Amino acid sequence: MKKSIISLSISMLLATSALASTAASATDIEGLSANVGVVSQYIFRGVVQTDTASASAGIDYENSGFYIGAWGADVQAGIEVDIYGGYNGELDSGLGYNVGFTSYQYTGDFDTSYNEVNLGLSYGMFSFTYNVGEWEVEAGADQDYDFLTAKVEHEGFYALYGTWGKDFDGDYLEVGYGTEVSGFDVGIAIVANSKELSGSTSDENLVFSIGKSF
């Protein structure tokens, strides 16, 4: 069953890729880009979102450091739709920075919504992000959370540590490799999360990904 879903998702990726390529050539708007992708299992910040493959697509526009975008993914019990915007840049010293806002919305019964402020710093192979937000609880008081990551990457290899705080709890480690093959971005990663994120015991998952940007 899982193999057939992956095959279907890859077919969707190729079909969407052809359509997006045609659309990109037709519009040719400077600063506008699109992306499509498939992962063997969707894991977000150490939390498993799907037990099967998940297809996604997004569109972004950037101008003089300012950016806006939208991204959607299959989460089995519905569709996740992320809407975001912000500003990023780099100082003469090579220090990169980002300030933004993201709203995570869901269709179906998968989840409610999350709204957060995104902050980021990068220098060379090192990057750090800090996100602070609020989870809308359907039958109770809303919950506050923050999320911190530290990442190091070199020639396609990377290692990332992420940890939740405030009303949320748990952390995870992700190690992986990504490269380009025939115009497609492919990757493999191992995600190891703590028992707070996975349930009663800690867990490890092997994730494969393929995508394309236009």
*asked:* Report the gain in length on full extension from residue 51 to residue 141: 0.36 nm times residue separation, minus Cα-Cα distance, nm rounded to one decimal.
replied: 29.5 nm
*Given the protein chains as shown and a 1.4 Å probe, how many square angstrom of residue 155 are accessible, to the nearest 10?*
150 Å²
_Using only DSSP helix segments of four residues or longer, with each worth -39500 (n - 2.57), what per-residue ellipticity at 222 nm results for the chain after dividing by its residue count and rounding to 500?_
-4500 deg cm²/dmol
*Express the carbon and sulfur contribution to the solvent-accessible surface of region 146-213 as a percent, rounded to the nearest whole number, probe 1.4 angstrom.*
56 percent
*Estimated distance in nm for a label pair at residue 103 and residue 177, the labels positioned 7 Å out from Cα along Cα-to-Cβ*: 4.1 nm
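The values are calculated or read from the model by the stated rules, or taken from the named source; none is laboratory data. Computed from a prediction, not measured in an experiment: that's the story for all the values here. All Cβ positions, even for glycine, are placed from backbone atoms using ideal geometry, and neighbour counts span all protein chains on display. Ligands, DNA and RNA are excluded from the accessible area calculation, which covers all protein heavy atoms including side chains. Shrake-Rupley method; radii C 1.70, N 1.55, O 1.52, S 1.80 Å.
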